[in-house]
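Step one of this worksheet: look at the structure below.
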Amino acid sequence: MRDVCSLIWLALIGLFRSRASLQAEILTLRHQLNVLRRKSPRRLTFTSIDSGICRVVSAGTWRAGRFEDRQAGDRDPLAPCRLPRVLALEIKTARWPSNDPAGDPSSHSRDESRQPILGAPRLHGELLELGVDVGQTTVAKYMARGRRPPSQGWKTFLHNHTDGIASMDLFVVPTISFRLLYGLLILHHDRRQMLWLGVTAHPTAEWISRQLTEAYGWNVEPRHIVRDRDAVYGDIFIRRLRAMGIRDRPTAARSPWQNGYCERAIGSIRRECLDHVVVFGERHLRHLLGSYASYYNRASEHPSVYVVEEKRLC
């Protein structure tokens, strides 16, 4: 803070000094700066206050037009105050050269308001002029490149292969005696149809494998099946999928949105059925889920069902 007050005081005094005395002081300071560079070849370390003062002074003088054009070989006296963060911003805002022919002057616009196209060699040379010793490969590493076309994502995969994807998930249902029962839902993505709803008190990999076989006993097996990473899907379940010719597609950890169709169907089961009745036991729950599956597949309105039917009629 003391240095800041001293700098402001000297600036006020400089307003009343003659031009000759100011030129003599500038010449002395330039000589001191050259001696400092000769004795300290490495880049000096500045505090945040010093860097802020340099930025304010540099911005103010450039806007006021007080800096004259530098001669060839001169270096900016405020160059050591440029922080790596500012240099990284300058590198990222610079654009890569276009694919236009280098020798064709008509391919480049002469609009001076546009941002100049800087390549890594030219930008590296500009940084060396500022006194920043950095390699050309480092400059090329931090330059912002153009956006490449995105690859196929999870949402695109589900949309392109809807007719050959099924999903499955487990959900918990409490009974009147505070006993926990587990329901297994197998949903086909093409028509949002509930293919199977199983109920058990002790879900195991053998039980899930048997439910999967019974669900596709008279139906065509899907090419892919989406599931979460529950430990109940063991080696027996994986072997059963491979024997049926189904490719396993587990979702990412803690990403229920990747199995959104099945999660939404389970939410519909809870809101429209299980939240309005009290489950007495396993047999009662199996009856409730069977009745709701019939309602869901036949009476419930699903836009995807009618879209598929219209495509098939056409």
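Only four residue types carry charge here, +1 at the Cβ of Lys and Arg and -1 at the Cβ of Asp and Glu. Report the dipole size of region 155-313 about the Cα centre in Debye, rounded to the nearest 20. Display every interim value, and only then the final one.
Working: 22 positive and 17 negative charges, 42 e Å.
Dipole about the Cα centre, nearest 20: 200 debye.
Just to be sure I understand: if I project the alpha-carbon convex hull of region 155-313 onto a plane and average over all orientations, what area do I get in nm²? The partial results should precede the final answer.
Details: hull surface 38.9 nm².
The directionally averaged projection comes out at 9.7 nm².
Mind listing the long-range amide H neighbours of ASP169? Cut-off is under 5 Å, sequence gap 5 or more, other chains count too, H placed in the peptide plane at 1.01 Å from N.
Correct list: LEU185.
Once you place label points 7 Å from the Cα toward the Cβ at ARG122 and SER151, how far apart are they in nm?
Output for this residue pair reads 3.3 nm.
Would you mind computing, in nm to one decimal, how far apart the modelled labels at ARG17 and ILE238 are, each placed 7 Å from Cα along Cα→Cβ?
7.8 nm
What's the extension gain from THR137 to THR28 if we count 0.36 nm per residue and subtract their Cα-Cα distance?
On the way: separation 109, 0.36 × 109 = 39.24 nm, distance 3.80 nm.
Stretched out fully, the THR137 to THR28 stretch lengthens by 35.4 nm.
Work out how much length ARG229 to PHE178 would gain on full extension: take 0.36 nm times their residue separation and subtract the Cα-Cα distance, in nm to one decimal. Could the numbers behind the result be given before it?
Values: separation 51, 0.36 × 51 = 18.36 nm, distance 2.66 nm.
The span from ARG229 to PHE178 would gain 15.7 nm if fully extended.
For a Förster distance of 30 Å, can you work out the FRET efficiency between the beta-carbons of VAL220 and VAL278, rounded to the nearest 0.05? Before the final figure, lay out the partial values.
Values: r = 38 Å, r/R0 = 1.26.
Taking R0 as 30 Å, the efficiency between VAL220 and VAL278 is 0.20.
LEU130 to ASN297: extension gain in nm, 0.36 nm per residue of separation minus the Cα-Cα distance? Intermediate values should be presented prior to the final figure.
Numbers: separation 167, 0.36 × 167 = 60.12 nm, distance 7.12 nm.
The span from LEU130 to ASN297 would gain 53.0 nm if fully extended.
Rule-based calculations on the coordinates, nothing more; no lab input. All values derive from a computational prediction rather than experimental measurement. Backbone-built Cβ (ideal geometry, glycine too); neighbour counts: all protein chains shown.
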